[in-house]
1. Looking at the chain, identify the longest residue range that excludes and avoids all GluC sites (Glu not before Pro) in DSSP loops having at most 15 other Cβ atoms within 10 Å.
2. Which residue fluctuates most in the GNM of the chain (Cα springs below 10 Å): N176, N246, N304?
3. Considering only D143, D293, D185, give the residue with the highest GNM mean-square fluctuation for the chain, with springs between Cα atoms whenever their separation is below 10 Å.
4. What relative contact order, as a whole-number percentage, does the chain give when Cα pairs under 8 Å and 6 or more residues apart are counted?
5. Whats the longest run of the chain with zero trypsin sites (Lys or Arg not before Pro) that are DSSP loop and have at most 10 other Cβ atoms within 10 Å?
6. Would you kindly state how much longer the chain becomes between K251 and I295 on full extension, computed as 0.36 nm times their sequence separation minus their alpha carbon distance, in nm to one decimal?
7. Quick one: length gained pulling H324 to W162 fully straight, 0.36 nm per residue minus the C-alpha distance?
8. For the chain, which whole percent of the accessible surface, found with a 1.4 angstrom probe, sits on carbon and sulfur atoms?
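The values are calculated or read from the model by the stated rules, or taken from the named source; none is laboratory data. Please read all numbers here as calculations on a predicted model, not as lab measurements. For neighbour counting, all protein chains shown are included, and Cβ atoms are generated from backbone atoms with ideal geometry for every residue, glycine included. These accessible areas exclude ligands, DNA and RNA; they are computed on the full protein's heavy atoms, side chains included. Shrake-Rupley method; radii C 1.70, N 1.55, O 1.52, S 1.80 Å.
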Amino acid sequence: MGLISIEANLALSVAIPFAVSLVVTAVVTALLIPFLKRIKSTQAIYELAPEEHKQKSGTPTMGGIGILCGTAAGCVAAVIVLGAMSNLLFILAITLVFGGIGMIDDMKKITKRQNLGLKARHKLVLQIVIALACVLYYLYAADMGTYIILPFVWNVVDIGPWIYPYMIFIIVAMVNSVNLTDGLDGLASGTSFVVAIFFPVFALLGFSLSLTGGGEVVIEGVSRSMVDAMIFPALAGACIGFLIFNRHPAKIFMGDTGSLALGGGLSAGAIFTHVELFLPLAGFVFVAEALSDIIQVGSYKLRNGKRVFKMAPLHHHFELSGWHEKKVVAAFVTVTLVMCVVCTVVLVLQGRAMDL
């Protein structure tokens, strides 16, 4: 048994990795800004971006290094205090490796002085390989089986070998969705914070609801551990620590180093805590951003250059519709918060119904 009972002291369990991650991220990011400026690690602005973005040229990028450092410190703190590691360190490793891909991409952009880094197909192949490694660990090292838990109905479905494409799709889709969302000051860090801070709640309530139904165990043979959920407060703390410097007007950008790491950490954490099907709900903004980009490209190719949005991803459409950048960010973060609150309320109501 760990030094702290996680179920009985969830608030403290979440607070420790959150606080450590926040402080470490803030300190590292504060030190990174002058260093990145000195080595001219600055953001190249996409030539077709809204005119207001041109003034951001020269802002330091690769600030995701601070997010990686903070997340790692938060997870290590959780392992030390909770007295157990379960799969948490592997989830952290997946987060760091995705951040490493982003770092390579960012460095290529900086070297070329343009907004293009790794080729899309190369980046996708690397992401699929890492996602596959995650699935193999999940199945064989962690021995977590091929069951998936359906939220709200709290039943399991054994999808057998389909677990491979299922998990790979979730991880790669989430990584790229968060990456697409990272286009305005504080947008990716703000939305990711909201999602990350709610997922320990989803995991805890989900475990409770899936384990008991009318006083009986309704799901058997599904391995679960709340320790794995500690990746979420670590990511949340990192987002807030970074947001101190990334809010409008941003002093630093996270780059792909940060956005790929956030997507990788959120998706891997959700999978290992069996709440991955909450991602499209809580991460509705991420889904909308990705879909807007897919729809825009598809429309352009299939409709002889006709576009659905003024510009994709979706946040740029609102910008070109006259919304100030701060208003877009506030609206998207609010939508994320509302979706997370709705999910939480439904879970709580289900729990009370079961008690009756």
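1. Numbers: sites that count: E7, E47, E220.
That would be 48-219.
2. Looking only at N176, N246, N304, the largest GNM fluctuation is found for N304.
3. Sorting by GNM fluctuation, first place goes to D143.
4. Details: 618 pairs, mean separation 92.6, N = 356.
Computed value for the chain: 26 percent relative contact order.
5. On the way: sites that count: K40, R113, R303, K306.
The longest such stretch corresponds to 114-302.
6. Taking K251 through I295 to full extension adds about 12.6 nm, to one decimal.
7. On the way: separation 162, 0.36 × 162 = 58.32 nm, distance 4.36 nm.
My answer for the length gained is 54.0 nm.
8. Details: 10590 of 15580 Å².
Within the chain, the accessible surface is 68 percent carbon and sulfur.
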